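**Q** I am attaching a structure below and will ask some questions about it afterwards.
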Amino acid sequence: MGLSRSAAFNLAKFDQFPVPVLRFGSSYRVPVAAILHALHLLPNHHGQPPEHEPTPGGEAIQGHPRPNPQPPTAALSTRGTHLNRARGPVFKRCCCRDGEGRKLGNRCPLIRRASGAWNPTHGRWAYQLELPTHPGQARRQLRRSTFDTRDAATGDRDHAKALLALASDEPAVAAEIADMLLAVTAGAPLPDRDTIARRVRAGLPATVTTTVGEYLHSWLACRRSLSSVQPNTLLAYESHIRVHLIPHLGTIALVKLRVEHVEAMFAAIADRSTAIEIARQSDDAAVRASVRGLRTSKPASMHRIRATLRKALNDAIRRGNNRLIDFNPAAHIELPSAVRPKARVWTAKAVQRWRDTGERPSPVMVWTPQQAGAFLDHAEEHDVALYPLFALILHRGLRRGEAVGLTDTAVDLDNSMISVTQQMATHGYTPVIKKVKSESGNRIMAMASITRVVLRAHHARRAQWKLVAGHTWPNTGLFFVQPDGQPWHPNAVTDRFEVLVRDADLPPIRLHDLRHCAATYLKAAGADVKDIQELLGHSSAAMTDVYTSVIAELDVERAKAEAAAELLSRHRRQPVT
């Protein structure tokens, strides 16, 4: 080849040989095939002129004889080639073309100096890296170029090798990472190593960016496997994810989710609610019909949606050593205050306006004592099976589930005591017995004599039902049951209540509002907030204040106001209205 020892040494110094340089005596001797390979004079394994680092073997090029395919040092040469591929050679190439318009790549005569060193003013730096393959797949390489400096090319190569090293001894993961590297477009940066490391440690595919929707589905599946999560909580999670989070955020990459994305979601939810409200007030019947059955999202609902997203993203941060993200955008969102609606009394004026327009002063309404008495009279006459349950709620303020789930052993008629320890809730539509809502809800309460009379009558009537049913009577252990002995479904109790209210021609309230009535009447009778809090099973007096905020609208309070005003001595007679 006519190559001097110094030229051969320079080639070796710049790592251009695919085999180690062999020393014989006091001089360097290099196999001819290796020299041709280093000078990029051999074609690639497809028989085409190489544009990157060539592979051993090929046709004779420009007068150079084809080397012996198996030179005396073939075994050593092959081993060295594999070592060089593992290192990932760094070299130069350019965009010059030959007379036929084909790129010369690293065959350009200007890309090297006469000494064999790379020309610093011609070409761009590149590297080539052998990649893992899937079973049965042919050999493949990562080839990236257009680097301005050798250090930049070396750094990018080392970055790729660091990504491949994440697979450890798992060939399938290594092949996935190789797929990801090959999918990176020319000039684009390689994926962040720490991000891919989190995905690999978490058992997620390395080649696919997890979207918010994909993560939320996997997160919900994990929550379902936990016995500590209540079924109704899971239902709320599923509803928020299906209705709001995935439609608005599902396609965004989890690692790219930002505060702006979450803010845009809540703005869209608010706009949709506003549009529904406007459509409901339209004069066009078709417009009103188009939104019939659609639900709006109030501020309280938005807070619950954010709580679901915040919990899911917090779990992504806390995921052991496999943190999928480092920042929770849902924790930095400001939403309108979720103000609880104030309870109002159905005064005569409010009832008249409701009859004229159908308008309710508040979502939470309370009957006057006279209206509540009229309801109990109507229930006793038309629904004797549920009348004692409604009477107990109005007298003692039990929740619906607490009353339906009351057991025989919890009702002590001899001592006029009731122990509230469980409730019948619904998971979807399925009724289930579970503990009371909170530790404060586990309570004992005294019964008034009129309440005890009502419950004794129910107990005697139930005994008659049992005699009629005979051996078919189920032993549920519940105090309130249907005439055939079966438990009451909580939703059925609500439906029967609404029918009774309508048939009694009373202004509408919710079944839960009977608790408001009970608290209001207790406050009017002189009970303090602490006593009412314990009776209702509230953990905070602030919640009890909501139930007793309507006391000023009752007649008994107006009587107190009259008595207080009479204490003021006036010389001038005041007009009587």
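The values are calculated or read from the model by the stated rules, or taken from the named source; none is laboratory data. Everything numeric here is computed off the predicted structure, so don't read it as measured data. Cβ: placed from backbone, ideal geometry, glycine included. Neighbour counts: every protein chain shown. Calculation scope for accessible area: heavy atoms of the full protein, side chains included, ligands and nucleic acids excluded. Shrake-Rupley method; radii C 1.70, N 1.55, O 1.52, S 1.80 Å.
**Q** Would you confirm whether any residue within the stretch 302-310 is in a loop (DSSP other than H, G, I, E, B), out of contact with any strand residue (DSSP E or B) (no Cβ under 6 Å at 6 or more places or on another chain) and of a type in the set (Ser, Thr, Tyr)? If you could, list the steps in order and put the result at the bottom.
**A** If we filter the stretch 302-310 for residues that are in a loop (DSSP other than H, G, I, E, B), which is where we start, we get none.
Scanning the stretch 302-310 turns up no residue that is in a loop (DSSP other than H, G, I, E, B), out of contact with any strand residue (DSSP E or B) (no Cβ under 6 Å at 6 or more places or on another chain) and of a type in the set (Ser, Thr, Tyr).
**Q** Report whether or not ARG443 is open to solvent by 30 Å² or more (accessible area, probe 1.4 Å) and either in contact (Cβ under 8 Å) with a residue 40 or more places away in the chain or touching a helix residue (DSSP H, G or I) at 6+ places or on another chain (Cβ under 8 Å) (or both). Full working, then the answer.
**A** Working: open to solvent by 30 Å² or more (accessible area, probe 1.4 Å): no; either in contact (Cβ under 8 Å) with a residue 40 or more places away in the chain or touching a helix residue (DSSP H, G or I) at 6+ places or on another chain (Cβ under 8 Å) (or both): yes.
So ARG443 does not fit the description; no.
**Q** Would you say SER449 is open to solvent by less than 40 Å² (accessible area, probe 1.4 Å), more than 41 Å from the chain's Cα centre (by Cα) and free of Cβ contacts under 8 Å to residues at least 40 places away in the same chain? Steps first, answer last, please.
**A** Details: open to solvent by less than 40 Å² (accessible area, probe 1.4 Å): no; more than 41 Å from the chain's Cα centre (by Cα): yes; free of Cβ contacts under 8 Å to residues at least 40 places away in the same chain: yes.
No; evaluated as a whole, the condition is false for this residue.
**Q** Only one of these is modelled with pLDDT of 75 or more, farther than 19 Å from ALA448 by Cβ and touching a His at 6+ places or on another chain (Cβ under 8 Å): ASP503, ASP484. Name it. Steps first, answer last, please.
**A** Numbers: ASP484 fails: touching a His at 6+ places or on another chain (Cβ under 8 Å).
Criteria check complete, one pass: ASP503.
**Q** Select, from ALA279, ALA270, the only residue that is small (Gly, Ala, Ser) and in contact (Cβ under 8 Å) with a residue 24 or more places away in the chain.
**A** Details: ALA279 fails: in contact (Cβ under 8 Å) with a residue 24 or more places away in the chain.
Result: ALA270 is the single residue among ALA279, ALA270 that is small (Gly, Ala, Ser) and in contact (Cβ under 8 Å) with a residue 24 or more places away in the chain.
**Q** Give the stretch 507-522 a look and list any residue that's outside any helix (DSSP H, G or I) and either touching a Leu at 6+ places or on another chain (Cβ under 7 Å) or farther than 22 Å from ASN491 by Cβ (or both), or say none. Don't jump to the end; show me each part of the working.
**A** If we filter the stretch 507-522 for residues that are outside any helix (DSSP H, G or I), which is where we start, we get 507-512.
Once the filter is applied, which keeps residues that are outside any helix (DSSP H, G or I) and either touching a Leu at 6+ places or on another chain (Cβ under 7 Å) or farther than 22 Å from ASN491 by Cβ (or both), the stretch 507-522 yields only PRO507.
**Q** Return yes or no: is LEU245 more than 21 Å from THR133 (Cβ to Cβ) and of a type outside the set (Val, Ile, Thr)? Spell out the reasoning first.
**A** On the way: more than 21 Å from THR133 (Cβ to Cβ): yes; of a type outside the set (Val, Ile, Thr): yes.
Yes: the conditions hold for LEU245.
**Q** Filter the stretch 280-314 down to the residues that are in contact with a helix residue (DSSP H, G or I) (Cβ under 6 Å, 6 or more places away or on another chain) and under 18 Å from VAL212 (Cα atoms) and list them by number.
**A** Within the stretch 280-314, ILE305, ARG306, THR308, LEU309, ARG310, ALA312, LEU313 meet the criteria.
**Q** Tell me which residues, restricted to the stretch 436-445, are within 15 Å of ARG399 (Cβ to Cβ) and modelled with pLDDT of 85 or more.
**A** Hits for the stretch 436-445 are ARG443, MET445.
**Q** Next question. Looking for something at pLDDT 85 or above, among the β-branched types (Val, Ile, Thr), surrounded by 16 or more Cβ atoms within 10 Å (Cβ to Cβ) and more than 25 Å from ALA175 (Cβ to Cβ) - is there at least one such residue anywhere in the stretch 62-75?
**A** Filtering the stretch 62-75 for residues at pLDDT 85 or above gives none.
For the stretch 62-75, residues at pLDDT 85 or above, among the β-branched types (Val, Ile, Thr), surrounded by 16 or more Cβ atoms within 10 Å (Cβ to Cβ) and more than 25 Å from ALA175 (Cβ to Cβ): absent.
**Q** Do you know which residues across the stretch 455-499 are over 26 Å from TYR429 (Cα atoms), out of contact with any strand residue (DSSP E or B) (no Cβ under 9 Å at 6 or more places or on another chain) and of a type outside the set (S, T, N, Q)?
**A** ARG456, ALA457, HIS458, ALA460, ARG461, ALA463, LYS466, LEU467, VAL468, ALA469, GLY470, HIS471
**Q** Additional query: Could you list all residues from the stretch 240-290 that are open to solvent by less than 80 Å² (accessible area, probe 1.4 Å) and among the hydroxyl-bearing types (Ser, Thr, Tyr)?
**A** Within the stretch 240-290, SER273, THR274, SER282, SER290 qualify.
**Q** Let me ask something else about it. Within the stretch 162-206, count every residue that is charged (D, E, K, R) and surrounded by fewer than 16 Cβ atoms within 10 Å (Cβ to Cβ).
**A** Within the stretch 162-206, the first condition is being charged (D, E, K, R), and the residues that meet it are 169-170, 176, 179, 192-194, 198-199, 201.
Among the residues that remain, those that are also surrounded by fewer than 16 Cβ atoms within 10 Å (Cβ to Cβ) are: 169-170, 192-194, 201.
Summing the residues that are charged (D, E, K, R) and surrounded by fewer than 16 Cβ atoms within 10 Å (Cβ to Cβ) in the stretch 162-206 gives 6.
**Q** For the stretch 452-469, which positions are of a type in the set (Gly, Ala, Ser) and open to solvent by less than 40 Å² (accessible area, probe 1.4 Å)? Don't jump to the end; show me each part of the working.
**A** We begin by selecting, within the stretch 452-469, every residue of a type in the set (Gly, Ala, Ser); these are 457, 460, 463, 469.
Residue satisfying the conditions is ALA469 alone.
Here's the yes/no breakdown for (1) in a loop (DSSP other than H, G, I, E, B); (2) within 25 Å of ALA162 (Cβ to Cβ):
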| site | (1), (2) |
| --- | --- |
| CYS108 | yes, no |
| ALA114 | yes, no |
| THR121 | yes, no |
| TYR127 | no, yes |
| GLU130 | no, yes |
| HIS134 | yes, yes |
| GLN137 | yes, yes |
| LEU142 | no, yes |
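**Q** So, restricting to helices (runs of 4 or more DSSP H) that lie completely within the stretch 319-434, which ones have at least 1 residues that are surrounded by fewer than 16 Cβ atoms within 10 Å (Cβ to Cβ), of a type in the set (Asp, Glu) and free of Cβ contacts under 8 Å to residues at least 60 places away in the same chain? Can you show your working first?
**A** Numbers: elements: 348-357, 369-382, 387-396, 400-404.
By residue number, 348-357, 369-382.
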